[in-house]
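K.L.:
There's a structure below that I have some questions on.
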Amino acid sequence: MITIDMEKETQSIDYKTMTLEALIATLKKMIDENPIQDIKEQASAIRASFYYQYNEQLEKAKDLFVQEGGNEIDFEYSQPIQTEFKDLWKSYVEKKNSHYKKIVKELATNLAKREEVIASIKALVEKGEVSSTYKEFQQLMADWKEIGPVPSDKYQETWGNYHLYVEQYYDLLHINNDLRAIDFKHNLEAKKQIIERAKQLLDHADVQFAFNELQILHKIWKEETGPVAKEFREPVWEEFSSLSNAIHDKRSVLLEELRNVEEKNYEQKLAKIQEIKNFDFSKNKSFGDWKKSIDAFEALKEEFLAIGKIPKNKNKQIWDTFKEATKEFNSAKNNFFKEIKSSQNEAISSKKALIEEALAWKDSEDFDAATEVFKRIQAAWKKVGFVPRKQADVLWKEFKTACDAYFDRLNNVKKEGTPEEQENYNNKEAFLAKLADKEINLDNYKILLKEWIALGLVPSQKNKIDQDILQFITKAITLPKEKVEAEFIKYQLKIAYLLAIDSKKLYTEYDQLRNEVDSATKDLKQLENNLGFFSNTKKSNPLFETVMKSIETEKKKLLLAKKKIKYLKSFQ
């Protein structure tokens, strides 16, 4: 019985998604585990995917090299993985060539064997003694089936000659009808089995698979089955031929559909190429602009590559058009990075100059001046133009180290205090001790406050001394009974303390006082306007008295706020 694997399927693999390492591993496994002649299409697809990805990496490396200031002429790129793939591909080609040389030799050997069988059958026909040679004839036909393929240009000739002499021998068998009938019956069963297989192929879902299997059936029909009785020759052939034509028709429809799909893919690729060609990068000015454009352009290229197969005769044309469409963008991109090379060098020089300045000031004892310098150079650093990442990282590390060294010193000084601040602290301790032996009153407190302020700042962690001085004076002085005067003296003490510790709160005092003046003025005006309601009212009216008290209160608030402003301005 003839057996054919009707469910054989070829698995489709998307090699574009595989890494270079995975492509090499896949090809190696394919070479080791499969007949070399069966992997041509897959091997070619792997090779195409490998070099597409590798060339993409090469282009990106070249772009980065140019971006970082390199000259494109000096660019070199060689990776061990490419050498590994080249060696593997060389072994594949050598195996393939060896296989085909072996096939050529085998085809020639098979041709000689088949010609020998034909000559032997011809000799039996010429001998004419079929009864005594029938077993030899059957053996020759069995030998014919065992012989492998012959060169394609000799196939029709050898099969025709073989069929001719087999038919002639069978015609001689009329003198022995029993032998001929048995042979005809056996051949007819074999041909019917082929027809049944053809019917199954006609209904098979995979049309291309069915077509390929049909070619095998035709070969079996011609080479492995002999003739049948004359009354069956035409009917069985017509039935098999009709099934073959139907399968051919289905394949023609499939091929037409595939051609239509490929044509649509071709049109889509042309449209995508036009989109690539029209890609607008004219407004690109900065590195960031080009980064966005490069990402968007790469996405368009990926979309182009994702489109399916196109007619083979248009592959070269579409690929050349694609490369031409990308040329303008790539050229403009490279020109941009060449142009910014000089500005990058300037930026590098600027950053090196800032580093030199930072190094010169990092050990300075003049903290006021040094702090201003570091604020300025840090602001200037942020404004310096683009520098390639590798160099930027090195320069930033050097600059940051110098800045950190200075500010670490500054923070330590702020905690521990300068020698001057330490001396100020000692003087304030002496001043506090002097206050204990001194009578503090309304006649001398202003002099004491001025003396306190003049002592200067102390280390930040020791400014409790100022709180102690404030508390001591506050407790020691007897405030006047008049409220405005008492509040004004309290305010003088508060301002003295803020000046003594250099508090930032001092800078908001003036604004707060102005708000108090405005608020008191507004409220006073409103109260005075309200007096119009009491024109005919006796002054002993309780409501009238309340309004008058409120007016007096607001006047005192206004007076106090103005005195505070005048006092505050005396320190400016």
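The values are calculated or read from the model by the stated rules, or taken from the named source; none is laboratory data. This structure is a prediction, so every number in the text was calculated from the model and none was measured. Backbone-built Cβ (ideal geometry, glycine too); neighbour counts: all protein chains shown.
K.L.:
State whether one or more residues within segment 530-542 are modelled with pLDDT of 80 or more and loosely packed, with under 15 Cβ neighbours inside 10 Å.
P.N.:
no
K.L.:
Of the residues 406, 425, which is over 30 Å from residue 66 (Cα atoms), in contact with a helix residue (DSSP H, G or I) (Cβ under 9 Å, 6 or more places away or on another chain), surrounded by 15 or more Cβ atoms within 10 Å (Cβ to Cβ) and outside the structural domain of residue 369 (by TED's automatic domain parsing)?
P.N.:
425
K.L.:
Further question on the same structure: So residue 171 passes all but one of these: (1) of a type outside the set (Ser, Thr, Tyr); (2) loosely packed, with under 14 Cβ neighbours inside 10 Å; (3) over 27 Å from residue 149 (Cα atoms); (4) not assigned by TED's automatic domain parsing to the domain that holds residue 139. Which condition number does it fail?
P.N.:
For residue 171, the failing item is (4).
K.L.:
Quick test for you: out of 499, 559, 506, pick the one residue that is modelled with pLDDT under 80 and hydrophobic (A, V, I, L, M, F, W, C).
P.N.:
The match here is 506.
K.L.:
Could you figure out which of (1) over 30 Å from residue 339 (Cβ atoms); (2) crowded, with 16+ Cβ neighbours inside 10 Å; (3) at pLDDT below 90 isn't true of residue 35?
P.N.:
So residue 35 meets the others, but not (2).
K.L.:
One residue is enough: does segment 325-335 have a residue meeting the conditions part of a loop (DSSP other than H, G, I, E, B) and under 19 Å from residue 48 (Cβ atoms)?
P.N.:
no
K.L.:
Follow-up question, since we're still on this one. Among 25, 61, which is the only one that is small (Gly, Ala, Ser), at pLDDT 90 or above and assigned to a helix (DSSP H, G or I)?
P.N.:
25
Conditions tested, residue by residue: (1) in a helix (DSSP H, G or I); (2) of a type in the set (D, E, K, R); (3) touching a Pro at 6+ places or on another chain (Cβ under 7 Å).
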{"position": "149", "(1), (2), (3)": "no, no, no"}
{"position": "155", "(1), (2), (3)": "yes, no, no"}
{"position": "158", "(1), (2), (3)": "yes, no, no"}
{"position": "167", "(1), (2), (3)": "yes, yes, yes"}
{"position": "189", "(1), (2), (3)": "yes, yes, no"}
{"position": "192", "(1), (2), (3)": "yes, yes, no"}
{"position": "199", "(1), (2), (3)": "yes, yes, no"}
{"position": "204", "(1), (2), (3)": "no, no, no"}
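K.L.:
Would you check which residues across segment 416-450 are at pLDDT 90 or above and of a type in the set (Asp, Glu) and list them?
P.N.:
429
K.L.:
In segment 299-331, how many are surrounded by 15 or more Cβ atoms within 10 Å (Cβ to Cβ) and of a type in the set (A, V, I, L, M)?
P.N.:
Residues that pass the stated criteria total 5.
K.L.:
Within segment 116-145, which residues are of a type in the set (Lys, Arg) and either free of Cβ contacts under 8 Å to residues at least 24 places away in the same chain or not assigned by TED's automatic domain parsing to the domain that holds residue 166 (or both)?
P.N.:
127, 135, listed by residue number.
K.L.:
Checking residue 460 against (1) at pLDDT below 85; (2) over 30 Å from residue 426 (Cα atoms); (3) of a type in the set (S, T, N, Q), which test does it fail?
P.N.:
Of everything listed in (1) at pLDDT below 85; (2) over 30 Å from residue 426 (Cα atoms); (3) of a type in the set (S, T, N, Q), residue 460 misses just condition (2).
K.L.:
Continuing with the same structure: Please identify the pairs in which a residue from segment 27-56 that is touching a residue at least 40 places away in the same chain (Cβ under 8 Å) and within 14 Å of residue 91 (Cα to Cα) has its Cβ atom under 6 Å from the Cβ atom of a residue that is buried (at least 17 other Cβ atoms within 10 Å of the Cβ) and β-branched (Val, Ile, Thr), counting only partners at least 6 apart or on another chain.
P.N.:
Listed pairs, sorted by first residue: 27/46.
K.L.:
Additional query: Just checking, which of 397, 362, 375, 352 is touching a residue at least 24 places away in the same chain (Cβ under 8 Å), within 30 Å of residue 287 (Cβ to Cβ) and among the basic types (Lys, Arg)?
P.N.:
Working: 397 fails: touching a residue at least 24 places away in the same chain (Cβ under 8 Å); 362 fails: within 30 Å of residue 287 (Cβ to Cβ); 375 fails: touching a residue at least 24 places away in the same chain (Cβ under 8 Å).
On inspection, the qualifying residue turns out to be 352.
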